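The structure under discussion appears below in the form of structure tokens.
The values are calculated or read from the model by the stated rules, or taken from the named source; none is laboratory data. Predicted model, so just to flag it, every value in this text is computed and none were measured. As a convention, Cβ positions derive from the backbone with ideal geometry for all residues, glycine included, and neighbour counts pool all protein chains shown. Side chains included, ligands, DNA and RNA excluded: accessible areas come from the protein's heavy atoms. Shrake-Rupley method; radii C 1.70, N 1.55, O 1.52, S 1.80 Å.
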Amino acid sequence: GLYFSQSEYIETVYVGQPAGTPVLQVHALRDNVTELPHFYLCWVKFLRRPAYISWFSLDVNTGVLYLNKTLEESDFASVCEPYTSNQSNQAVKKLSLHVMASPGFTKKPLCNSRNYPRITLDFVNAMMPQCGETDLKELCFPRKDTSNPHITENRFPGGLRQLRRLSWLNVCPNYTISYSVETESPAPFAVNENTTELVVTAPLDREESESYRLLLVCTVRTEAVITKVETSLDVFVDDEDDNAPYMNGTDTADIVISFNRTAGGSFGTLSVFDRDLTPIIDRTHNKYVGTLLNIDPWVKETFDIKGTFSEKKAAQGGIRETVHDYHLVLKRNLYVTENRTLQLDYLVNDTTYPGLEGTVLLHFNVTILPVHIFFSNITHTFPLTRRASSYAQVGKVCVENCRQFDGFRIAYRLELPDKNVSADVLSCHSAVSIAQAPDEMWGLLYVNDTEELRRPECQDLQYLVVVKEQHTQMETSVQIQIILDNEVGQESQPLLSCAENRRRGDCESARGLGTTTGRCQWRQGSDKGISKNYSTCSPDLRTCPDSVCDAVESKDASICPQDCTSKTILNIRTLIQGTCEHGRSHHFILWLLIVVKEKTVIGGHEPGLRNGIQAGHGTCYCYSEKCFCEKEDIDETMCDDMCKTIIATALLLSFIVSILLSSYFIHRYHKNSPKPPIASAEMTFRRPAQAYPISFPANNLRRGSQESIETDTFKIPEDPKWEFPRKNLVLGKTLGEGEFGKVVKATAFRLKGKAGYTTVAVKMLKENASHSELRDLLSEFTLLKQVNHPHVIKMYGACSQDGPLYLIVEYAKYGSLRNFLRESRKVGPSYMGRDANRNSSCWSFGVLLWEIVMLGGNPYPGIAPERLFNLLKTGYRMERPENCSEEMYNLMLRCWKQEADKRPTFSDISKELEKMMVKSRDYLDLAASTPADALLYDDALSEEDTPLVDCNNAPLPRTLPSTWIENKLYGMSYPNWPEKSPVPLSRHDATNPVFTRYANDSVYANWMALPSPAKAVDKVDS
């Protein structure tokens, strides 16, 4: 029947929009050509009908939603539940409507189906934007509409979506807007030029393609320009049951059932394939039903067939399909004596497949073998020392294949081979017993009575191990012999747990429960962190710890608490006790079982599957019911007195040699080094006579330390927030340097309160630097205090007192992208920029594109960093490089939009760059395209070194310092400065070339000195 291709429609309405304005259009797709949809606004039966539904009407034939009335501010106030819009901080309220489609007319449009779509309208308490205030993309496509259409396969083609924003038809009446659709491969989609609807032109087949990626192109034509705006749309194809099940291999499984005979056991697998998908929740199609065809009651009582399904991608085309797996399952435990051979037939039926071939017949050939319980050896021998303590494990006995048994139960017991023995012999045999856990199929021999074990009269012990199957009572036996040594055992005394010992020496000298040799054994861990091989003291390293609390260890938690420590402690408490009368008196006690979940292992560890410690940190030891895992704070003795003497002597000699070498190199350094002009951060420089910012002479010559003549002393004020102790900073190798400054790698101790050492970079001046360079460094210090961005190099602090000025910044171990780009100019054509945008913001990415096109040129040439921020606020943007395409430059300008929400997302940027690569495959000749202006790449020149030029690039004299521009741009004032600049400035928009304007023009955005290099890029990453 009729269905909607999308679950939600989104649009925006504004106060003041007149009655009769079209808002949006909904579409319903048809099953056949005879179906004609009729559209109605509806509401949920059990919810209140919203009052604002009367503001709208839906054309019953076209599905166009219209305004019935002019929207007023009072209408906005009458709607509840306001929320704040992200885009303009205006008050916005949501209006929610529902729509239904019917093949005929209806008088009661109730939303009875779960598949009716929602219409969500953002009601804005403001007038609709004018044409000049509207972004072209917003004019072409709704901003928030992220819904993707779903089309059911094999259905009739038709209209899918209205591309034109109907409510914006009259916003720009002089614009002509048209749409087209593009696809990477042929696809049945087109745009109806008359209605601007996206149309599916043919039935779709999900088994050919599950989705289509469409590129919607909106062309906006004005009298002067044609602009194209693009967006992508994913169309998904929904499945229906139009494929029969099939076998991709055998339809028969041969199954042998032997040792595993437990109820619920699964045997064999047969797979049925279906190219259709199977819904998990709504099983309206591809619904499989299976039938066991055997009528034997024993078969139905014993066996079942269980089916599961999953999705996988087909080998050809990668289209998803369904795989149904069928397993033979036991419904009950089989007896060990059952022995049969039979065949099970199972019919699989796709009940929703409309064809005749919707069934598959599966066959399971089953053979049930009996289980023989026996020992492989006639006699087993086990050695045992008389020094063993109680619960020491002697050995393990197991019938053949016992570890594979499941579904039945066997029990072990010890007997004497000859029952007619004296009481003394009978007493000796009480020394050893056997234990078995409920879920184990083997028996564990252990020391039961140490008094009898130590008696000299008790020699080698012989037993008979008898095994019985619980259901059939079948028995088998084997003879075992315990060989005792001739050593005299120690007298019995109260034994503690070996696990209480934390050190190797204490462990190996202690006796404990479960020790096979009479002494505890130490396991030394070698791994760092939490490890299964942790250090601990054990009675027997063969069995403890092994992450299993076996039948012997479970008899006493002190034997191996590493394996048996419980996760919970059970407490039974008396809650209430008293009497009550109901006809006659009754005394009652109410008991409450309280399960207290108490942490029984303290410290770094991983708990075992059931109990105990799976892995631990350092040394694990236990007391009573608690264990502790922690790093051992007492080091074992690893070096004797001779070893310590040698080490001490070597350290002393090394210290003496280091002192001599240090003295030698320090002497040479002071002998060869000239006296530095800057001895500390307390510097001197010439002050100008006027009380305005520092300026420099017109010749712009750099001055050395001679400038300190007839000067005042200037001391850098200490900033406690940023000051770092100079003694905690160790300087290393030089990372980079210029004529007057350098950056070195260093190590800072306890930086920002962080324990240990941190690798940093330290920026400083060279010895020949003047106060001009110190001013620049101080300016950078002030600027970096205010910058806090994850993609900008951080400043950690500074050393400004009692020595040279050091700026401590984040260490960037991979260097700069700019240097990499400049190096690429030497190697010729290459692909660049693929990974450069990973850690950038959108604005920074625009600057990055400019740097890449300029092959590592300095952005914002000629502009000092302290002026850049205010200059950008006035609207200034960098010009298009000579070898940059218009498309690429437009992308840069969009990244530099003043409003953040108008900048493209990285997803949009990625798509645009991909389209640029498809449209043009020309590559940049890096060697030939290097800009001729070397100033763009010269970091050593300052702003004052760069001459101003006129519109014809002719040099102009610099008669005033740059601070004059600073004064006029930022509102500084000094009465002796001229009102107009004697240096003409070039207008950015190239208008009024004859009439000369100056830097004090009211709109500075169009006036600038032509590009000159600066050190700003080294200081601020835009």
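Numbers below:
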{"read-out": "Top-ranked residue in the stretch 70-82 [being within 30 Å of Arg161 (Cα to Cα) and open to solvent by 60 Å² or more (accessible area, probe 1.4 Å); ranked as modelled with the highest pLDDT]", "value": "Glu72"}
{"read-out": "Residue identified as open to solvent by less than 30 Å² (accessible area, probe 1.4 Å) and farther than 30 Å from Tyr66 by Cα among Val237, Val256, Val217", "value": "Val237"}
{"read-out": "Criterion (on the phi < 0 side of the Ramachandran plot, more than 39 Å from the chain's Cα centre (by Cα) and not hydrophobic (A, V, I, L, M, F, W, C)) met by exactly one of Arg261, Arg275", "value": "Arg261"}
{"read-out": "Enumeration of residues in the stretch 240-249 that are open to solvent by less than 40 Å² (accessible area, probe 1.4 Å) and of a type in the set (S, T, N, Q)", "value": "Asn243"}
{"read-out": "Matching residues in the stretch 5-48 - criterion: being acidic (Asp, Glu) and either over 43 Å from the mean Cα position of the chain (by Cα) or part of a loop (DSSP other than H, G, I, E, B) (or both)", "value": "Asp31, Glu35"}
{"read-out": "Sole exception among (1) assigned to a strand (DSSP E or B); (2) more than 58 Å from the chain's Cα centre (by Cα); (3) loosely packed, with under 14 Cβ neighbours inside 10 Å for Glu457, by number", "value": "(1)"}
{"read-out": "Any hit, the stretch 120-130, residues being touching a Leu at 6+ places or on another chain (Cβ under 7 Å) and assigned to a loop (DSSP other than H, G, I, E, B)", "value": "no"}
{"read-out": "Residue in the stretch 180-187 that is among the β-branched types (Val, Ile, Thr) and within 21 Å of Val23 (Cα to Cα) present", "value": "no"}
{"read-out": "The stretch 718-737, residues that are touching a residue at least 24 places away in the same chain (Cβ under 8 Å), of a type in the set (A, V, I, L, M, F, W, C) and in a strand (DSSP E or B)", "value": "Leu729, Leu731, Leu735"}
{"read-out": "Residue ranges of strands (runs of 3 or more DSSP E) in the stretch 468-549 with at least 2 members of a type in the set (Ser, Thr, Tyr)", "value": "475-484, 536-538"}
{"read-out": "Residues within the stretch 738-786 that are farther than 30 Å from Asn870 by Cα and either open to solvent by 40 Å² or more (accessible area, probe 1.4 Å) or in a strand (DSSP E or B) (or both), tallied", "value": "18"}
{"read-out": "Selection status of Ile594, at pLDDT 90 or above and either under 23 Å from Glu508 (Cβ atoms) or of a type in the set (A, V, I, L, M, F, W, C) (or both)", "value": "no"}
{"read-out": "Selected residue (only one of Arg261, Arg206 is more than 30 Å from Leu356 (Cβ to Cβ), open to solvent by less than 50 Å² (accessible area, probe 1.4 Å) and among the basic types (Lys, Arg))", "value": "Arg261"}
{"read-out": "Count of the stretch 203-227 residues which are touching a residue at least 24 places away in the same chain (Cβ under 8 Å) and part of a strand (DSSP E or B)", "value": "12"}
{"read-out": "Among residues of the stretch 413-433, those that are open to solvent by 50 Å² or more (accessible area, probe 1.4 Å), in a loop (DSSP other than H, G, I, E, B) and touching a residue at least 12 places away in the same chain (Cβ under 8 Å), counted", "value": "1"}
{"read-out": "Unmet criterion (only one of (1) surrounded by fewer than 16 Cβ atoms within 10 Å (Cβ to Cβ); (2) more than 30 Å from Ser538 (Cα to Cα)) for Ile410", "value": "(1)"}
{"read-out": "Flag for Glu230 being open to solvent by 40 Å² or more (accessible area, probe 1.4 Å) and assigned to a strand (DSSP E or B)", "value": "yes"}
{"read-out": "Within the stretch 855-877, tally of residues that are open to solvent by 10 Å² or more (accessible area, probe 1.4 Å) and of a type in the set (Phe, Trp, Tyr)", "value": "2"}
{"read-out": "Single residue of the stretch 518-543 satisfying the filter (in contact with a Ser or Thr (Cβ under 6 Å, 6 or more places away or on another chain) and in contact (Cβ under 8 Å) with a residue 40 or more places away in the chain) that is surrounded by the fewest Cβ atoms within 10 Å (Cβ to Cβ)", "value": "Gly525"}
